[in-house]
Amino acid sequence: MQVSSVQPVFKLELNHKVTPGIVTIAKYDGTHYCLTASAGYDKIIIHHPHGGMSVGRAQRSQAHGEVSELNLSQAVIALEAGPIKPDCARDMLLIGSPTQILAYDVHNNSDIFYKEAPDGINVIIAAHFSKYSDMLVMVGGNSSVCGINSEGEEVFWNVVSGKVFSMITFDFDKDGKNELLIGCEDSYIKVLKDDHFIMEIAETGPVSCLSYINEVRFAYGLANGTIGIYEDGIRLWRVKSKQNARNLQWSGDNLVCCWANGRIDWRDCTGRVLRRVQLRSDAAAMILADYRTVGIPDLVCVSTRGEVLGFPPIQDNGGPNTKKIAPSEEDRLAVTELLNKKQALMIELQHYEGNAANTSLDIDRPDSAMPTNTRLQVAVAADTEEGRLQLAVSTNNDTIVRMALVLAEGIFDSGETLARHPHPAQLRSVLYIPLKPPRDVPVDVHIKALVGYPESERFHIFELTKQLPRFSMYTLVSSSIAKSKVVNYVTFRITERVQRICIWINQNFLLDEEIEINNEETKELHISFMCLRDTSRLDLDFCPDGQVKITTHDIRLAGDLIQSLAVFLNLSDLQSIAQFPEAEDKIRVEMNVVSEVGDTRYRLAAETAEKAQLLTALLPAAQDAASYDLKEMLQRYKDVILLNEELLAGCHVRRATQEQTLTSLKNLHTILQQAARLRVGKYSKMVVNACRKAVSDNNTEALVKILQAGDT
């Protein structure tokens with residue numbers, strides 16, 4: 001593959017190390033861009049090449065004349081900037097620490113608001129969302145997202161099932177209002193519209209970055225090195241690298257990916273690499289901005305050593321600052337591709353000639369040739385003893401399967417590919433491959449098998465694709481088996497024919513034979529499944545009056561079933577009654593932990609403030625005592641050391657309580673999201689809103705009631 005390079009249009013050195021991923025660009029005066037980055041634990045640097053930077057809280061750096069330093073008292077976790085104040089075109093700097101978010105007006109040296117974030121902060125964006133006319137500060141935490149206005153008031157809140165790693169907003173469903181796309185730790189891309197999720201896209205790893213392309217497309221990057229593009233919720237292409245993508249930006253007609261090792265790739269709309277640049281050190285960030293004030297946005301790439309490079313947008317049709325491949329180069333590449341195809345066809349022709357020669361020597365069974373009617377057959381069956389699925393790859397004659405290569409997303413622990421090649425003494429016409437999907441999502445399994453005779457030196461390659469349904473890890477059991485005394489269930493009412501329910505079951509479960517209703521007058525259905533993961537029981541009861549009861553100990557599974565059924569039946573709203581004692585007990589435990597830890601934190605904060613005040617009084621007294629009494633000075637310094645040790649011990653305790661609070665909130669929010677997924681439409685919104693109020697009021701029994709009935 002021939003790849004061209006791109007020359008930067010500007011270079012500069014910040015003379016500061018930059019923390020990866022914590023970089024933004026803003027117009028603090030409303031006109032000129034300033035590069036802002038975290039340069040350590042609690043230090044922020046602001047590069048202002050166009051002047052106009054007031055001194056204020058930020059002090060001029062001694063290492064660089066165009067850089068100012070802003071020192072904080074807490075660690076810097078996230079940075080973002082945007083014009084969040086109404087009727088003000090200037091950008092405000094948003095600083096996220098582990099437990100607080102600060103909105104700071106750099107130009108006027110004033111704080112806009114300062115707000116606590118009990119669920120932590122992982123990512124911050126400033127964007128327009130849903131029905132809100134003003135720009136909001138969207139904060140993604142460990143298990144929730146919230147929207148904050150310019151006054152520091154929380155106007156929006158929702159729960160997610162894991163840490164939020166990335167967020168973008170754009171009009172996903174083309175209704176004139178922006179939706180929020182959330183990249184989560186649990187390998188899902190969630191589309192949030194108002195207060196409910198309208199789509200969840202399953203991926204193969206934590207979603208580390210998202211980037212807007214146009215009104216129908218967005219790019220994504222995963223923590224396992226995968227990047228790709230989605231269009232209207234359908235993936236167009238994806239590629240995988242050993243490195244992690246730091247940022248993705250659409251520049252000109254290309255998707256530009258900045259990798260963690262400092263490599264920058266320009267890719268076309270099919271994912272093919274066109275150009276490539278390597279930075280001298282690891283990459284910290286890549287941002288699209290008109291940093292030269294020429295009217296055209298450049299790709300501003302920042303390395304961890306403080307090197308800043310600017311690359312111009314590259315159009316396929318040429319233009320200024322564009323290094324275009326000459327037509328002769330394109331012709332040469334086309335000729336090379338044709339020669340490669342010719343070589344592959346020549347090798348294939350040699351194989352056919354060898355097969356023909358072997359056929360003339362042994363007509364009964366040639367050494368490498370196969371009957372023309374040879375077919376590869378694939379079947380999937382449940383293995384209840386091993387608690388997994390068995391993928392059987394077989395042929396329809398006496399040929400053998402020498403090897404099988406299985407490609408599937410999110411099934412294998414070691415990666416996305418599994419190769420099975422039995423010992424020559426164990427070769428058979430059938431090959432079994434174990435599968436164990438860890439999540440209830442549909443999976444496409446791609447199979448490449450080598451088929452031939454045991455004595456063959458050349459094999460034919462067969463390729464097939466088998467789709468595993470969403471609930472493939474649940475196998476059908478007889479309903480006559482006595483049900484265990486399970487008190488975990490969810491009930492709701494629908495008006496739908498049993499025949500359509502059977503179609504849904506046949507499409508989403510792995511069955512030996514499809515379920516069919518021969519009698520048109522049948523109005524009820526009772527069916528039972530067993531989970532291959534933990535041998536738990538799942539019972540689905542559809543009664544003649546439209547009452548549906550799902551009996552399972554797994555509240556997550558119940559929510560997945562309801563959401564799948566609602567999509568299939570096109571249900572816009574659905575209310576349900578749930579009974580999950582284990583989840584209710586967990587709510588009580590986590591709420592109790594959050595309450596106790598919260599009281600402990602307030603007490604420790606008060607003690608720390610008191611000791612810090614005493615420490616500030618002891619230090620000047622110790623310095624004064626040095627002039628008249630050395631013994632008293634030593635005693636005062638001993639007191640200072642003891643107080644300092646107590647402050648450090650209190651700091652460790654506060655850190656431990658904070659981690660415990662985040663863990664409890666994450667567990668609590670996960671249950672609340674599962675409770676919301678037991679309902680559909682407006683009833684799911686009611687659950688989220690009611691849960692937020694109950695958590696704010698520290699009302700545990702209200703949360704339990706919401707889980708059961710959907711509202712207080």
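In the neighborhood of Gly306, defined by Cβ-to-Cβ distances under 15 Å, what is the net charge if each Lys or Arg adds +1 and each Asp or Glu adds -1? Net of charged neighbours comes to 0. Label sites at Ile577 and Ile198, each approximated as a point 7 angstrom past Cα along Cα to Cβ, lie 3.3 nm apart. The residues packed around Asn699, meaning those with a beta-carbon under 10 Å from its beta-carbon, carry a net charge of 0 if Lys and Arg are +1 and Asp and Glu are -1.
My understanding is that a pair violates if its Cα-Cα distance is over 31 Å; which of Lys115/Lys666; Lys163/Lys611; Lys436/Lys666 do that in this structure?
Correct reply: Lys163/Lys611.
Taking the longest Cα principal axis of the chain as reference, the axis of helix 581-625 is set at about 30 degrees. Helix 630-677 axis versus longest C-alpha principal axis of the chain: approximately 40°, rounded to the nearest ten.
Can you pull the Rg over Rh of the range 263-306, Cα-only, Kirkwood?
1.03
What do you get for Rg/Rh over the range 188-255 if you use C-alpha atoms and the Kirkwood form of Rh?
0.96
Of the accessible area of the chain, with the probe set at 1.4 angstrom, what percent is carbon plus sulfur? About 50 percent, which is the carbon plus sulfur part of the accessible surface.
Take the chain with all the other protein chains still there, run a 1.4 Å probe, and you get 48 Å² of accessible area per residue.
Is the shape of the range 229-304 rounded, prolate or oblate, going by the alpha carbon gyration tensor and its root eigenvalues a ≥ b ≥ c, with a/c under 1.5 for rounded and a/b larger than b/c for prolate? The shape class here is oblate.
Please give the Cα centre distance for the range 577-591 versus the range 384-411, rounded to the nearest Å. Rounded to whole Å, the Cα centres lie 41 Å apart. As a ratio to 2.2 N^0.38 Å, the alpha-carbon radius of gyration for the range 1-149 is 1.11. For the range 207-248, the residues whose backbone nitrogen is under 18 Å from a point 7 Å from the Cα of Asp268, taken along Cα to Cβ, are 228-229, 236-239.
Relative to the longest principal axis of the Cα atoms of the chain, the long axis of helix 700-709 lies at roughly 30 degrees.
Projecting the alpha carbon convex hull of the range 566-639 along each direction and taking the average yields 10.0 nm².
Using a ≥ b ≥ c from the Cα gyration tensor of the chain (square roots of the eigenvalues), is it rounded, prolate or oblate, where a/c under 1.5 gives rounded and otherwise the larger of a/b and b/c decides, a/b for prolate? Oblate is the answer for the chain, as a/c is 1.5 or above yet b/c matches or exceeds a/b.
For a Förster distance of 56 Å, can you work out the FRET efficiency between the beta-carbons of Glu215 and Glu457, rounded to the nearest 0.05?
0.55
In this simple spin-label model, placing a label point 7 Å from the Cα along the Cα-to-Cβ direction at both Thr465 and Asn108 gives a separation of 5.7 nm.
When the inverse distances between all different Cα atoms of the range 620-692 are averaged and flipped, the Kirkwood radius reads 16.6 angstrom.
The values are calculated or read from the model by the stated rules, or taken from the named source; none is laboratory data. Everything numeric in this text was worked out from a predicted model, so none of it was measured. Backbone-built Cβ (ideal geometry, glycine too); neighbour counts: all protein chains shown. Accessible surface is based on the protein model in full, side chains and every heavy atom, while ligands, DNA and RNA are left aside. Shrake-Rupley method; radii C 1.70, N 1.55, O 1.52, S 1.80 Å.
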